[in-house]
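One structure below.
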Amino acid sequence: MKIRGAGRIARAVAQGLRIAAYNYRGDNAEDFRQYINGIAEYLRSTRPTAVSLPNAIIFILHRLSMALSDNVDELKEVVIKSANEFIEYSKKATDNIGVIGAKRIEDGDNILTHCNSSAALSVIIHAFKEGKKIKVYNTETRPKFQGYITARKLLKAGIKTTLITDSAVRAFMKKIDKIIVGADTVAANGAVVNKIGTSQIALAAKEANVDFYVAAETYKFSPATVLGEYITIEERSPKEVIRNIEVPSNIIIRNPAFDVTPPEYIDAIITELGIIPPQASILVLKEHYGWAIRDYLLKELSIDE
Ligand code: RUB
């Protein structure tokens, strides 16, 4: 939780693999491949929900598996270069989402956002920099209060911001013109996994006929969901919920960190390649992750190419 937000997590993982490759001291290519795979597995196990994490890993490991060299220095270079490429792409993608998404924001809009999403903030801040006079309502985001990070960033950018409790969202819905949130994972059917509470906001938005947008780079789309995999929702410690409150010792507390918003509640997904209806997610996956879907399939069915 020191590194938060699906985009940042993905870049940190790429950086981790880059550092691992750089620090490898052996001269056996097979050992190097095993060492990188081991580190990739360890990094993969750190958080289960954001698909940007395994997507960063498979991007780099795929390049490594395509490199036929037996020379460790050459293989190290492949890992370092592809990690750099991923990190660069990721930073540019967040920026491009801002440029594209800002077109949907009108002068005078009141925007609601939830949690702390760099992609969603990129849209809001771009629109503001274009001279649109916007106001933002942002949720506290219990239990980890990422909303305070969002509020600080918005205020730093000069944007008028009102912080509300998560449970106040519906009470404020009449004031809201547009909602923009980020994503940890987008499934093949266009369902979006994001910070817990997102789906309630989408439900309230649907009822009030308020546009609900998701800002998500294409590496937040999950190739494994094409093959029917479920997305694991991270369940965190009850201690995050109760903090300093005295509670009966036999109380049961649940603390899921993310929830699923069905595609029917989403007006559009803003990606770095354009704005798409959620139902078009499968096309993004087929076009950009065709190779990954194929890799998963070959592994799962244990067939030779
Ligand atoms: C963060 C969260 C963010 C998405 C998108 O949860 O749910 O909305 O990750 O963020 P946590 P970004 O704090 O538990 O990681 O757009 O920055 O990738």
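Every number in this text was worked out from the coordinates using simple rules, so none of it is lab data. Quick caveat: nothing in here was measured; it's all calculated off a predicted structure. Every residue, glycine as well, gets a Cβ built from its backbone with ideal geometry; the counts of neighbours run over all protein chains shown.
How far is helix 281-301 tilted off the main Cα axis of the chain, in degrees rounded to 10, range 0 to 90? Once rounded, one gets 40 degrees. Classify segment 6-94: rounded, prolate or oblate, from the alpha-carbon gyration tensor (a ≥ b ≥ c, eigenvalue square roots; a/c under 1.5 rounded; otherwise prolate if a/b is larger than b/c)? The shape class here is prolate. The convex hull drawn around the Cα atoms of segment 182-301, when projected onto a plane and averaged over every direction, covers 9.9 nm². Judged by the ratio a/c of the largest to the smallest principal axis of the C-alpha gyration tensor, segment 234-305 counts as oblate, that ratio being 1.5 or greater while a/b is no larger than b/c. Each residue, Ser167 and Leu298, gets one label point 7 Å from its Cα in the Cβ direction; the gap between the two is 5.3 nm. Set the Cα radius of gyration of segment 96-288 against 2.2 N^0.38 Å, with N its number of residues, and you get 1.03. Label point 7 Å out from Glu207 along Cα-to-Cβ: which residues of segment 159-177 have amide N under 14 Å? Backbone N within reach: 167-175.
Treating r as the C-beta distance of Ile3 and Lys133 and R0 as 30 Å, the FRET efficiency rounds to 0.35. For segment 81-178, the square roots of the Cα gyration tensor eigenvalues, ordered a ≥ b ≥ c, give a/c of at least 1.5 with a/b no greater than b/c, which places it in the oblate category.
Taking the longest Cα principal axis of the chain as reference, the axis of helix 6-23 is set at about 20 degrees.
For the chain, the longest principal axis of the alpha carbon atoms and the long axis of helix 198-208 meet at an angle near 40°. Taking Cβ atoms as reference points and 13 Å as the exclusive limit, the residues near Asp109 contribute a net charge of +3, counting Lys and Arg as +1 and Asp and Glu as -1. If you average the C-alpha positions of segment 41-120 and of segment 145-173 separately, how far apart do those two centres end up, in angstrom? A separation of 26 Å, based on Cα centres. Treating cross-link reach as a plain straight distance, find the lysines whose alpha-carbon is under 18 Å from the alpha-carbon of Lys92, omitting any fewer than eight places away in the same chain. Here the lysines satisfying the reach criterion relative to Lys92 are Lys81, Lys103, Lys129, Lys220.
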